[in-house]
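What follows is a short report on a single structure.
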Amino acid sequence: MVSKTLLEQIIPRYGMVNRIDSDRGTHFTSKVLPVALLRIRTQPWSDLGLSPYEMMFGLPFLTTQHENATYEVGEISVKRYVNTIAKTLENLQLKGIIPQTTPLDFKIHNVHPGEWVLVKTWKEQSLTPQWEGPFQVLLTTEAAIRTKERGWIHASRIKGPVDEPKEWTITSEPGDTKLTLKRGLGGNELGRPKWSKKHTQDHT
């Protein structure tokens, strides 16, 4: 097929061929395409100094052979990691705002990852709370926030930031039938009553 094309289409029209370069056929394209895409995605752009990979994930492409740290152990480590990535992405978006603009060039809310917000209910009913939560914010954009329980929420349906939820502690004195409820800052997201260690020891 190639020889026939050369004899019938190329040589009679353009003259003798000095050299022929071949890509060995399109069936070899799929083998080299991932490597070519990797270079495009990880190569820093001259106008930004950043690669598309870094713009999306908030950190450079990992080329080290050493074992990377695991961030899925412990709530504090995960929270610190998410906040770092969110802050890095925000800074990277500001650097790339000239060649690629975001839907909004300003934020319509003042909430940051790690803070707590209330979410407005969809159906308003009398004598019932119109706001649910508080829920902790994981990620933010110019017009929305993301929580673990509700996913992405538009800024028009949130109120905050608000104080971290408080937990109830139940205490009682030995031989006393009265219970004392105290409310203070804690990590109990649902705000359920929690028996104090003193009360547990006195009644075991």
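Here are a few things to note about the model shown:
- Once the stretch 62-80 is narrowed to residues that are surrounded by 13 or more Cβ atoms within 10 Å (Cβ to Cβ) and over 15 Å from ARG146 (Cβ atoms), the residue that is modelled with the lowest pLDDT is TYR71.
- Yes/no for GLN93 being at pLDDT below 75 and outside the structural domain of THR141 (by TED's automatic domain parsing): yes
- ILE108 outside the structural domain of VAL78 (by TED's automatic domain parsing), farther than 16 Å from LYS87 by Cβ and assigned to a loop (DSSP other than H, G, I, E, B): yes
- Filtered residue count, the stretch 2-61, keeping only those that are touching a Phe, Trp or Tyr at 6+ places or on another chain (Cβ under 7 Å) and modelled with pLDDT under 75: 0
- Whenever a residue of the stretch 116-144 is closer than 19 Å to LYS79 by Cα, its partners that are in a loop (DSSP other than H, G, I, E, B) and aliphatic (A, V, I, L, M), lying with C-beta atoms within less than 8 angstrom and at least six residues away or across chains, give the pairs VAL117/VAL111; VAL137/VAL111; THR140/VAL111.
- Enumerated strands (runs of 3 or more DSSP E) restricted to the stretch 115-204, each holding at least 1 residues that are modelled with pLDDT of 90 or more: 116-120, 131-140, 144-147, 151-154, 158-162
- Complete set of residues in the stretch 142-167 that are touching a His at 6+ places or on another chain (Cβ under 9 Å) and of a type in the set (A, V, I, L, M): ALA143, ALA144, ILE145, ALA155, ILE158
The values are calculated or read from the model by the stated rules, or taken from the named source; none is laboratory data. What you are looking at is a predicted structure, and each value in this text was computed from that prediction instead of being measured. Here Cβ is always computed from backbone atoms with ideal geometry, including for glycine, and neighbour counts include all displayed protein chains.
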